[in-house]
Every structure is written in structure tokens, then in C-alpha cells.
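Let me begin by presenting the structure, written as C-alpha cells, before commenting on it.
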Amino acid sequence: MKASDLFVRSLEQEGVEAIFGVPGEETLNLMESLRHSNIQFILTRHEQAAGFMAATYGRLTGRVGVCLSTLGPGVTNLVTAGAYAQLGAMPMLMISGQKPIKKSKQGRFQIVDAIAMMRPLTKSTRQVVHGNSIPVIVRESVRLAQEERPGAVHIELPEDIAEEECASQPYPVQAVRRPHADELAIEQAAGMLMQAKRPLVLIGAGANRYRTSQALKQFVDHTGIYFFNTQMGKGVVDERHPKFLGTAALSHKDYLHCAIEQADLILNVGHDVIEKPPFFMHASGATQVIHVNFFSSNVDEVYFPQLDVVGDIADSIERLREQVSPAAHWDFSFFEKVKQELEQHIEEKAAQQRFPVGPEYLVGEIRHIMPDDGILALDNGLYKIWFARNYKAYGLNTLLLDNALASMGAGLPSAMAARMVFPDRKVMAICGDGGFMMNAQELETAVRLKLDLVVVVLCDNAYGMIKWKQTGLGFPAFGMDYTNPDFCQFAEAHGATGHRVKRAEELSKVLKECLDTPGLHLVEVPIDYSEDEKDLIEEIKTKTAALQK
């Protein structure tokens, strides 16, 4: 059997359904093997977008997403997507080609040491040096990518190895059950919860599994303990739940952080320090933290839990529920006050109509028109804070955002992958004009794939987040502004339909019509961030100061 055929058969054995990528001369043997495979090859217009799509596929399915590049500039273009998957705990396999390794064909032309380059960005990076080793390398790479904590892996397949004959067969895939937490750790955690006066539950990205979601909802229903989440933990428990306090979108002084400061114990379920911290621990602080995760805590200057409960998260929460009952001395009165004030604040801001539209109004209108299971895929920008803070996610993975690497350019490719994984659900990408233009070429890919998709491009003609930070630090405006193309014409040139919102009152109607009409729709929405400093910092700080008196 030819080595490239064996490679593809090994991927089939792993259940791989699709490979996203840009081929090159060094991957032509692999492409020919794919042509005879049941694995779908999805040609993208840039390797970075292929990587973002593969990572999102992994995030949504729990199975390894696969992307392909050639050597040199192809594999260097995968670096950002590799870091995106690695930091965001998304199982992804990157495959790259390479020149022949048994003899030189073109000197050092296009050759970079991809193995060394990928080593700090992945859980594993391997070069195939003999065809017979392909099955074990593929099996081990996929296992590592999917094993807790999930992440990125990389395999380099040189051109001469891909075409050689070999005698191996794909390895069988063995299901692995996650270990359960120690009983003493469960008992200690239950004891700490029962002794606390104002406990809170924090839900992080690691809890973003169906069974864990069910276990957490039952735990909150049973105990009545209030919960909040990180940005990547949104939707694990339906945020319409009466015990939902909010999402940690800002660093401090927001309503939610008033509640966190009053808590004397935080049950941290599925969060680790790679995502931006939702709270800061202090050596002299009175708040205790219980770390519940598949792996032990990484001690950091702002995170050093008093107890680790290590094992399958759903099992740990189910066992905790059996040992924890509502306690008469628990006092959630301040949490209830915070919840009421926050929800009133969000409702009032969402009703403020102006043009260009304000981010609070935008979030409110989109929440109103999106179905319960509709999926929003966010790029990175100032609007991400508003969606994380104000948009209630009703289910798992219904608000896709990246708060680990926080890379621009991921919004459109992520939405495309979400639509492919869930073809019967409404999907909308939310991109700033800066982030959209970093992978705007993938409109062609989406149109070619006939994806029904809505792409919202928020236009402020600047790198708005950094401009806001620049102003907040007292620096004069410098180097942040640019001009944009006519996005409607840009969409039409790619075979999509372009729309431009010209009045705030049009926003909901235009977006709803696009969601309900087949095809790819790009909606240009002028946005105004000029009130953000007042709304996000000054006004909230004043109101929460009054709340704490």
C-alpha cells in the first residue's frame, strides 16, 4: 500500500469526515489518496482560515478537526490557527507537506524547520520518516489532540515518504474512559460548600460538554447556588436560569464582580488560567476556591485553589450534588440584588436607539431575532465584550468566541465550520471590519460550498478595541484608522448578497430577513463605540459603588 493511502486510511479509521486546506506540490500524493476516500476535502483560500475551521469543528464535535498545508509558507500560515486551537482547548490535527528527506531535490528552497516551529504551539509534532510508522503516529496524534486538555497536534509528511510502499495497517481506535475524582476530594469539596456562607459556581470552557451541562443544571437546581461563567463557558447552563448572575467580560468593577467580591467560596468548574481570569485571588483574601476539572490546577499569581477535584467533571458534579443540600445559613440576598440591577441595566441600554448603532442595542436586537439554538460566531474586537456581557446564551456552543488566544480573523471561518457541522441551524458571524478583512477571501469558499450564512460586518473604520485602550491610557489617537471597501459590492463580487443598514430601526428587520432567506448574506452595520468608556467604565463604576453601600 502506498504511504499516502495508508495515511488517509488511518484518518478514516479515526472517524475523520473532512479536511480543510490549501494543497501544494508536496501534498499531491496525499491529495490523490483523498480523491479515492470518503473524507471530504474542503479547499479554502488561506491556510489560516482552514485551521480556524478545523479548530472550530473540533470544538463543536469533540473529535479532531483536520487541516492541510504544504511546506514553507503554507505551514507558517497555520501557526496562528494552531495556537488558537492549543490555547482554546480545541482538538485539531495539522498536516503539512515537506520536500523529500532522503535526498535533496531543490536545496533549501522553501524549507523551514516546521517541527521546531510547531513544538511550542502544540501537544505533539512529528515528522514521518518511514511509511510503516504512519498508523502509530496518526493514532497517537489524534489521541493526544482529543485527550484532556484537548489541543493542537502536527504531522509532517515528506513527499518521498508519501509515495513509498509500506506494509502496515491502520491501528484500531480504543475508547478511553476518563478517571473519576478521589472520593476524599469529593467529600472535602462538599464540606467546604456546606460551611460557606455565600458560595458561587463558576463555569468555564472545560465544562462545555453535554453531560456536564446536564449535571451542572441539576446541581444548581438542587442547591440553589448562583452561577456565573467565563466567556468561553457561556451557554453551558441556559442563561435564562433564575440563578444566572452573568458573564465575566470585564476585569473588575462590573456588577458581576461585586458579587464575586462578596463570595467566600467559588466552585470553579472547568476553568483554567489560559482564558482571561474571571477573578483574581489574593494571598490575604478570604475567598476559597475549589478547582473541578479533568486536570489539576496550574498555580498562578492570581490563581492558587485550596482544593483540586481532578477527574471527569460531570461525574464530580453529580457526586457533589448527592452530598450537598441547601443550607439555612447560605445568604444569597446580595447576589439577587446584583442580578436585578444588572438585568435592568442591560435592558435599559438595549433600548437606546441611535445611529450608527450602539453595541448594546446591536446585542439586544440580535438576541431578539436569533432562535434558541441559533449560533453566533464572534471575531475579536470591542463588540466581543458586549456580546459576552449582554447576550444570553441559551445552549451549549451557541455563542462561539475566543478568549484564550483572542485572534482576529476567526469569526467568518468559525461560522462556516459551525454551519457545516449543524446544517439545520441558523448561523451568524459577527465581525469587526478589521477582523473581517483578515480572512474576507473566505466569502468565496462559503459561496462555493453553498452555505446559508449571515455575516455581519460592524464598521467603525478603525481598530476600535485598541483605539479605545489608547484613549483610556491618555494617548492621542494615532495609527488606528483606515478606509474600507464597499462591503455590499465586495459581497456581490463573491456571489453573495450585500445589505447595508442605514437606520437603527432597520437592523432587526434586515437581519431577520437574511436569516430566513437561503444563501450567503453580508450585512454592513455602522457602529458607534464613542459611548463605551462612559457605559463600560465610568457609569458602571458609579452604579456598582452605590450598590455596595
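Annotations
- Meeting the requirement of 2 or more residues that are within 17 Å of ARG149 (Cα to Cα) and modelled with pLDDT of 95 or more, the helices (runs of 4 or more DSSP H) wholly within the range 21-116 are 47-61, 79-88.
- Flag set for GLU239, criterion: in a loop (DSSP other than H, G, I, E, B) and under 30 Å from ILE537 (Cα atoms).
- Of residues in the range 511-549 being part of a helix (DSSP H, G or I) and without any contact (Cβ under 8 Å) to a residue 60 or more places away in the chain, the one nearest to CYS258 (Cα to Cα): ALA545
- Residue satisfying all of: in the range 407-428; in contact (Cβ under 8 Å) with a residue 60 or more places away in the chain and surrounded by fewer than 23 Cβ atoms within 10 Å (Cβ to Cβ); nearest to ALA152 (Cα to Cα) among these: SER407
- Test: residue in the range 198-216 that is in a loop (DSSP other than H, G, I, E, B) and closer than 24 Å to HIS329 by Cα: yes
- Residue count for the range 389-420, restricted to those that are over 25 Å from HIS345 (Cα atoms) and part of a helix (DSSP H, G or I): 10
- Positions within the range 487-510 being outside any helix (DSSP H, G or I) and either within 25 Å of MET420 (Cβ to Cβ) or among the β-branched types (Val, Ile, Thr) (or both), in sequence order: HIS494, GLY495, ALA496, THR497, GLY498, HIS499, VAL501
- ASN268 vs. criteria at negative phi, touching a strand residue (DSSP E or B) at 6+ places or on another chain (Cβ under 8 Å) and either outside any helix (DSSP H, G or I) or outside the structural domain of ALA196 (by TED's automatic domain parsing) (or both): yes
- Residues located in the range 5-15, provided they are surrounded by fewer than 21 Cβ atoms within 10 Å (Cβ to Cβ) and among the polar types (S, T, N, Q): GLN13
- Annotation note: of ALA167, ALA207, the sole residue that is surrounded by fewer than 19 Cβ atoms within 10 Å (Cβ to Cβ) and touching a residue at least 60 places away in the same chain (Cβ under 8 Å) is ALA167.
- The residues of the range 7-20 that are out of contact with any Pro (no Cβ under 7 Å at 6 or more places or on another chain) and in a helix (DSSP H, G or I), listed by number, are PHE7, VAL8, LEU11, GLU12.
- In the range 16-71, residue surrounded by the fewest Cβ atoms within 10 Å (Cβ to Cβ) [restricted to those that are closer than 21 Å to ILE111 by Cβ and of a type in the set (D, E, K, R)]: GLU25
- Close Cβ contacts (under 7 Å, 6 or more residues apart or on different chains) running from residues in the range 231-260 that are free of Cβ contacts under 8 Å to residues at least 40 places away in the same chain to residues that are of a type in the set (Lys, Arg) comprise VAL237/LYS217.
- Selection within the range 307-333 - of a type in the set (Asp, Glu) and under 21 Å from ILE260 (Cα atoms): ASP308, ASP331
- Neighbours by Cβ (under 7 Å, 6+ apart or cross-chain): first from the range 312-335, closer than 14 Å to GLN214 by Cβ; second among the basic types (Lys, Arg) and not in a helix (DSSP H, G or I): ASP312/ARG178; ALA314/ARG209
- Qualifying residue in the range 510-517 (condition: in contact with a Lys or Arg (Cβ under 8 Å, 6 or more places away or on another chain) and farther than 24 Å from ALA462 by Cα): yes
- Only one entry of TYR383, TYR394 meets the criterion of being of a type in the set (Ser, Thr, Tyr) and either in contact with a Ser or Thr (Cβ under 7 Å, 6 or more places away or on another chain) or over 21 Å from PHE436 (Cα atoms) (or both), and that entry is TYR394.
The values are calculated or read from the model by the stated rules, or taken from the named source; none is laboratory data. All values derive from a computational prediction rather than experimental measurement. Heads up, the Cβs are rebuilt from the backbone with ideal geometry, glycines too, and the neighbour counts pull from every protein chain shown.
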